[in-house]
Structures are given as C-alpha cells and as structure tokens.
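Below you will find the structure I want to go over with you.
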Amino acid sequence: MSDDSGIPAESVKSLRAELDRDAEASGYHLNADVEFTEALAEGLLVNEARFGYRSCPCRLGSGDAALDLDIVCPCDYRDADLTEWGTCYCALYVSQEVLDGKRELGPIPERRPPEQERAKGSAPGAAGSMPVWRCRVCGYLCAREEPPETCPICKASRERFERFWNC
C-alpha cells in the first residue's frame, strides 16, 4: 500500500475483507495475492474519494458517474472476462481455475468501448439479444452471454444452468 494515497491501511484491509466476503457469498473469488488485492482496494478507495464512486483502479475514470457506471467495481465486463480469460481486467476477481492454479493469469484485452460509443449509450449486450440463463436448482435468472461459474444464490455449478430465454 502506498503511503502517499492518504488512505489508512486499516481502511484498505477492511475493504479487501469486505470484497472477499461479498465475492465468496456471490459465487466469485478474489485474487489470492493479498498484497495485490489490497493495492487494488486502495485504488478503489482513492477513486471513491476522488469521484464519489469506486471505479476500477486499472481504468481512467472521467469523474462523470453516468459515463463511468460501466467501470464501477464490480464492472460490467467482469463476468465476460472471467469466462474468457479467468480474470477480470484488473485481476481483482479470478475464476476457480485460476484460484486452483489450473490456469495462469495473463494480460487480457480491454472490452470497454471507446468513449464516443459509451456516450451514445452503448453497453455490453445492448446491440443485440442477450441470453437469459436459469439455475435449474433455485430458479435464479441472469442475462449475460454465458452462465455464471457458480450460482450466487444456491452455489450450483455452471453446468446446472439452462438457457431460459433471449431478451
């Protein structure tokens, strides 16, 4: 953690613990590198102090909450990045494969559209239909390209999801 951010170390550790609890409760996982995740938590707190919201510390926030809504952590791109690359853009969230050491972290491409497209209202999945996935165990529904790794409600695995509808 940086001494020049002005963010108390206790606040950073507290946020990291909160993020970890929330992630695990929802079927997600934080990067196991505590020092790395604390640096990201510090960046989230810096952005919150700067902008009033916790935008991704690995992206340049504009200070306009409406323009940055897609990069407020957890960002709109997290799930697609986890499915394809095993990690989100900043590597705060990782897949079970990465956590288990079965897949290595590496650089991933930026999914966020250029600023001019965001200003026009482009969002992930906005241009076409989006599949809706249903957990066959508890009925949880989610609209996204792929089902989640784990159901955030009942913790059923991805294999227990079925394509329910297209919206």
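Computed from the coordinates by the stated procedures, all read-outs in this text should not be read as laboratory data. From a predicted model like this one, the values you see are computed outputs, not experimental measurements. Cβ sites come from the backbone with ideal geometry, for glycine too, and all protein chains shown count toward neighbours.
Sequence gap at least 6, Cα distance under 8 Å: using those rules, report the relative contact order of the range 32-108 to the nearest whole percent.
About 19 percent, as a whole number.
In the neighborhood of SER14, defined by Cβ-to-Cβ distances under 12 Å, what is the net charge if each Lys or Arg adds +1 and each Asp or Glu adds -1?
Neighbourhood net charge equals -2.
With every atom except the alpha carbons ignored, what do you get for Rg and Dmax of the range 1-92, in angstroms?
12.7, 36
Rg and Dmax of the chain, Cα atoms, in Å?
Spelled out, the Cα radius of gyration and Dmax of the chain are 16.6, 50 Å.
Tell me the GluC sites (Glu not before Pro) within the range 135-164 that lie in a loop according to DSSP and have at most 13 other beta-carbon atoms within 10 Å.
GLU145
I'd like the orientation of helix 34-51 relative to the chain: the angle between its Cα long axis and the longest Cα principal axis, in ° from 0 to 90, rounded to 10.
80 degrees
Per the helix-only calculation at 222 nm, which mean residue ellipticity applies to the chain, given -39500 (n - 2.57) for every DSSP H run of n ≥ 4 and division by its residues, nearest 500 deg cm²/dmol?
Details: 6 runs with 56 residues, N = 167.
Helices in the chain give a 222 nm mean residue ellipticity of -9500 deg cm²/dmol.
A further question on this structure: Using only Cα positions of the range 128-167, each an equal point scatterer, no hydration layer, compute I(q)/I(0) via Debye at q = 0.25, 0.30, 0.32, 0.35 Å⁻¹ and quote the log10 values to two decimals.
Log10 I(q)/I(0), no solvent term: -0.70, -0.96, -1.07, -1.24.
What percent does the relative contact order of the range 128-167 come to when contacts are Cα pairs within less than 8 Å and at least six residues apart?
50 percent.
Next question, about the same structure. Determine the sum of side-chain charges near ALA41: Lys and Arg each +1, Asp and Glu each -1, restricted to other residues whose C-beta is under 11 angstrom from that of ALA41. Each step should come with its number before you reach the end.
On the way: positive: LYS13, ARG16, ARG54; negative: GLU18, ASP20, GLU35, GLU38, GLU42, GLU48.
Net charge in that neighbourhood comes out at -3.
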